[in-house]
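I have placed the structure first, in the form of structure tokens, so that the comments after it can refer back to it.
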Amino acid sequence: MPSKYTIQNHQNPHFLTYSTVEWIDIFTRPVYKDIVVDSLKHCQNEKGLILYAWVIMSNHVHLIASAKENYKLSDILRDHKKFTSKRIIEALNHPEESRRNWILWLLKSHGEKNSNNKNYQVWQQNNHPVELETNKMIDQRLDYLHNNPVKAGLVNIPEEYTYSSAIDYVGGKGLLDIEFIV
């Protein structure tokens with residue numbers, strides 16, 4: 001019997017959430033969010049990622065995504081999380097990062113406890129994929145995803161938040177290319 005949180009049909013749109021360990025607010029600075037954006041862009045161009053919607057919050061990422069034919073969404077996410085982990089660790093080691101010591105200590109303590117990691121663990125292991133099977137599910141997740149920055153008090157309206165696809169859904173152009181799902 002398949003797990004509730006297993007991707008079965010990689011070509012169907014899924015709502016995905018992945019979070020930092022201990023819900024550490026790593027993404028409060030653009031440098032770290034830009035690492036995620038650059039990796040998503042690479043995954044779109046080279047790994048078969050189809051991105052319908054996205055948002056990067058302070059400690060988690062939401063996507064509505066699928067994989068192109070002959071690609072696996074789970075493989076794309078694995079590679080994306082592995083790459084971003086390495087780049088985030090490198091960026092955290094910058095001497096001007098005031099939070100460097102305690103964040104790296106937490107990431108290292110999690111990495112040492114997990115046999116899947118060598119040194120550090122940035123992301124929690126799961127992605128909580130939910131296959132979006134109906135228009136109602138799509139509308140609910142799209143609204144939830146785009147309103148996350150509003151509910152967090154970061155912006156007044158969704159399209160004001162730079163690290164999101166909300167601007168695309170009102171006729172503007174965001175940081176990443178998307179395919180419209182509605």
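The values are calculated or read from the model by the stated rules, or taken from the named source; none is laboratory data. Just so we're clear, the structure is a prediction, and the values are computed from it rather than from any experiment. Neighbour counts run over all protein chains shown; Cβ positions are idealised from the backbone, glycine included.
Inspection of region 2-16 identifies at least one residue that is over 12 Å from the mean Cα position of the chain (by Cα) and β-branched (Val, Ile, Thr). Restrict the check to region 85-103 and report whether at least one residue is more than 16 Å from residue 18 (Cα to Cα), without any contact (Cβ under 8 Å) to a residue 60 or more places away in the chain, touching a Phe, Trp or Tyr at 6+ places or on another chain (Cβ under 7 Å) and of a type in the set (A, V, I, L, M). The answer is yes, given that some residue of region 85-103 is more than 16 Å from residue 18 (Cα to Cα), without any contact (Cβ under 8 Å) to a residue 60 or more places away in the chain, touching a Phe, Trp or Tyr at 6+ places or on another chain (Cβ under 7 Å) and of a type in the set (A, V, I, L, M).
For region 42-61, the criterion of being in contact (Cβ under 8 Å) with a residue 40 or more places away in the chain and assigned to a helix (DSSP H, G or I) is met by at least one residue. Residues in region 117-164 that are among the charged types (D, E, K, R) and under 29 Å from residue 106 (Cα atoms) were compared, and the one that is modelled with the lowest pLDDT is 118. Out of the residues in region 129-182 that are of a type in the set (D, E, K, R) and not in a helix (DSSP H, G or I), which is nearest to residue 41 (Cα to Cα)? The selected residue is 177. Taking the numbered list (1) more than 14 Å from the chain's Cα centre (by Cα); (2) surrounded by fewer than 18 Cβ atoms within 10 Å (Cβ to Cβ); (3) touching a residue at least 12 places away in the same chain (Cβ under 8 Å); (4) in a helix (DSSP H, G or I) in turn, residue 112 passes all entries but (3). Hey, among the residues in region 62-98 that are part of a loop (DSSP other than H, G, I, E, B) and within 28 Å of residue 146 (Cβ to Cβ), which one's nearest to the chain's Cα centre (by Cα)? Of everything passing the filter in region 62-98, 72 is nearest to the chain's Cα centre (by Cα). Close Cβ contacts (under 9 Å, 6 or more residues apart or on different chains) running from residues in region 164-182 that are more than 16 Å from residue 50 (Cα to Cα) to residues that are in a loop (DSSP other than H, G, I, E, B) and hydroxyl-bearing (Ser, Thr, Tyr) comprise 167/161. Of the numbered criteria (1) surrounded by 15 or more Cβ atoms within 10 Å (Cβ to Cβ); (2) in a helix (DSSP H, G or I); (3) touching a residue at least 24 places away in the same chain (Cβ under 8 Å); (4) among the acidic types (Asp, Glu), the one residue 25 fails is (2).
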